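This is the structure, below, for whatever I ask next.
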Amino acid sequence: MSKPHPIIIDTDPGQDDAVAILLALASPEFEVLGITAVAGNVPLALTELNARKICELAGRSDIKVYSGAIRPMVRSLVTAEEVHGKTGLDGPVLPDPVMPLQTQHAVDFLVDTFMSHPAGTITLCTLGPLTNVALALVREPRIASRIKQIVAMGGGYFEQGNVTPSAEFNIYVDPHAARIVFEAGIPLTLIPLDCTHQALTTASRVEAFRAMPNASGPAVAAMLDFFERFDENKYGTDGGPLHDPCVIAWLLKPSLFTGRLVNVSVECESELTMGATVVDWWGVTKRPRNATVVRSIDAEAFFNLLIDRIAKLP
Ligand code: RIB
Ligand code: CA
């Protein structure tokens, strides 16, 4: 096997974040250099705690978890306890972590890591609001040319929004951060609701996790039992969209996805459309093509991959 691909995961766990982190930790293709927590689904004190709980569930107390931004750059924090529960990881009962939280701030970890590693070698996977990443870019603009690529779950265009009619949660929470990241000139793959809404946690898929003889499988099933109910009620579907693991799966098997290099711009002025990701899908403007926007996924193959990998965890 070739040398593992170094990645950093920026996240706001969140049950779907948790499954994404488990997928990454179950995949020898990756070397997870660190996990940086950001305020989003729930406040920062819970997202960093949840990140450590998930690492210990995977038997990876060696992973370095860092705490980052406690609120968005400009706007007040908006959280999503109605989706994720008051802990942000409702569903399974996971013990409080023994592993320590790193003392270095997540933004400093991001800057130091990208400045000290060879340029173009580390992929940044973002699963939440982009506050940490934007702050790192403002703190040290030189990292923009050193980040290999960003693969981000966020946005929505043909599928509209999920927190307002026009905005997806990760972008809505910190639209100013998203604009900074989208305009930084970093190779960017955006995995929006247009893709993740095709990846539904149907009953048969959840049962595959529940039937696993390890601890991680049933824990994932319990997470999904809780997490999916909000979207099942909203969309009237069998299961809810499993957003964040699509980021990790895209790195593992990009052939499961299709997308197009286009311009994506973020609304930061209008309260009506705040956080909207305006995708120039048909190239009608001269705005720079700054992102590969992913629009489809082979959902069955995605879940087969996910189930295969989660089964390998403790
Ligand atoms: O809109 C879905 C995104 O917002 C996911 O990343 C979910 O975890 C929340 O952060
Ligand atoms: Ca998330």
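The values are calculated or read from the model by the stated rules, or taken from the named source; none is laboratory data. Bear in mind that the values here come from a model prediction, so they are computed numbers and not experimental data. Note: ideal-geometry Cβ built from the backbone for every residue, glycine included; neighbour counts use all protein chains shown.
Within the stretch 1-28, can you find the residues that are surrounded by fewer than 24 Cβ atoms within 10 Å (Cβ to Cβ) and either farther than 24 Å from residue 88 by Cα or in contact with a Pro (Cβ under 6 Å, 6 or more places away or on another chain) (or both)?
1, 2, 3, 4, 5, 6, 27, 28
Would the stretch 67-78 turn up any residue that is farther than 21 Å from residue 180 by Cα and in contact (Cβ under 8 Å) with a residue 24 or more places away in the chain?
no
Let me ask something else. From the residues in the stretch 108-133 that are surrounded by fewer than 24 Cβ atoms within 10 Å (Cβ to Cβ) and within 21 Å of residue 44 (Cβ to Cβ), which one is nearest to ligand 2 (Cβ to nearest atom)?
Filtering first and then ranking leaves 109.
Is it the case that the stretch 7-16 has a residue that's modelled with pLDDT of 95 or more, in a helix (DSSP H, G or I) and more than 10 Å from ligand 2 (Cβ to nearest atom)?
There is no residue in the stretch 7-16 that is modelled with pLDDT of 95 or more, in a helix (DSSP H, G or I) and more than 10 Å from ligand 2 (Cβ to nearest atom).
Right, something else. When you look at residue 39, is it crowded, with 24+ Cβ neighbours inside 10 Å, part of a helix (DSSP H, G or I) and within 16 Å of ligand 1 (Cβ to nearest atom), yes or no?
Considered against the rule, which asks whether it is crowded, with 24+ Cβ neighbours inside 10 Å, part of a helix (DSSP H, G or I) and within 16 Å of ligand 1 (Cβ to nearest atom), residue 39 comes out as no.
Now, a different point. What is the residue count in the stretch 169-187 for residues that are among the charged types (D, E, K, R) and within 12 Å of ligand 1 (Cβ to nearest atom)?
Qualifying residue count, the stretch 169-187: 1.
While we're looking at this one, here's another question. For the list (1) more than 14 Å from ligand 1 (Cβ to nearest atom); (2) under 14 Å from residue 187 (Cα atoms); (3) surrounded by 22 or more Cβ atoms within 10 Å (Cβ to Cβ), I need the number of the one condition that residue 136 fails.
Looking at each condition in turn, residue 136 falls short on (2).
For (1) more than 10 Å from ligand 1 (Cβ to nearest atom); (2) more than 24 Å from residue 287 (Cα to Cα); (3) basic (Lys, Arg), each residue gets a yes or a no:
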site: 157; (1), (2), (3): yes, no, no
site: 167; (1), (2), (3): no, no, no
site: 189; (1), (2), (3): yes, no, no
site: 196; (1), (2), (3): no, yes, no
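Okay, moving on. Being of a type in the set (Ser, Thr, Tyr) and either at pLDDT below 95 or closer than 17 Å to residue 164 by Cα (or both) is the filter; apply it to the stretch 266-286 and report the residue that is surrounded by the most Cβ atoms within 10 Å (Cβ to Cβ).
Ranking the candidates gives 277 first.
What single numbered condition from (1) touching a Lys or Arg at 6+ places or on another chain (Cβ under 8 Å); (2) crowded, with 24+ Cβ neighbours inside 10 Å fails to hold for residue 177?
Tallying (1) touching a Lys or Arg at 6+ places or on another chain (Cβ under 8 Å); (2) crowded, with 24+ Cβ neighbours inside 10 Å, residue 177 fails exactly one: (1).
Hey, another quick one. Using the structure shown, decide if residue 54 is assigned to a helix (DSSP H, G or I), within 16 Å of ligand 2 (Cβ to nearest atom) and surrounded by 24 or more Cβ atoms within 10 Å (Cβ to Cβ).
Judged against the criteria, residue 54 is a match.
Here's another thing I want to ask about it. Here are some conditions: (1) touching a Lys or Arg at 6+ places or on another chain (Cβ under 7 Å); (2) of a type outside the set (S, T, N, Q); (3) assigned to a helix (DSSP H, G or I). Residue 89 meets all but one. Which one does it not meet?
Answer for residue 89: the failing condition is (3).
Could we say that residue 46 is more than 16 Å from ligand 2 (Cβ to nearest atom) and not in a loop (DSSP other than H, G, I, E, B) here? Give the derivation first.
Numbers: more than 16 Å from ligand 2 (Cβ to nearest atom): no; not in a loop (DSSP other than H, G, I, E, B): yes.
Against the criterion (more than 16 Å from ligand 2 (Cβ to nearest atom) and not in a loop (DSSP other than H, G, I, E, B)), residue 46 does not qualify.
So residue 34 ticks every box in (1) in contact with a strand residue (DSSP E or B) (Cβ under 6 Å, 6 or more places away or on another chain); (2) crowded, with 24+ Cβ neighbours inside 10 Å but one. Which box is left unticked?
Failing condition for residue 34: (2).
Among the residues of the stretch 67-79, are any crowded, with 24+ Cβ neighbours inside 10 Å and under 18 Å from residue 223 (Cβ atoms)?
no
Which residue is farthest from residue 195 (Cα to Cα), if the candidates are limited to the stretch 267-314 and must be assigned to a loop (DSSP other than H, G, I, E, B) and among the aliphatic types (A, V, I, L, M)?
Looking at residues that are assigned to a loop (DSSP other than H, G, I, E, B) and among the aliphatic types (A, V, I, L, M), I get 313.
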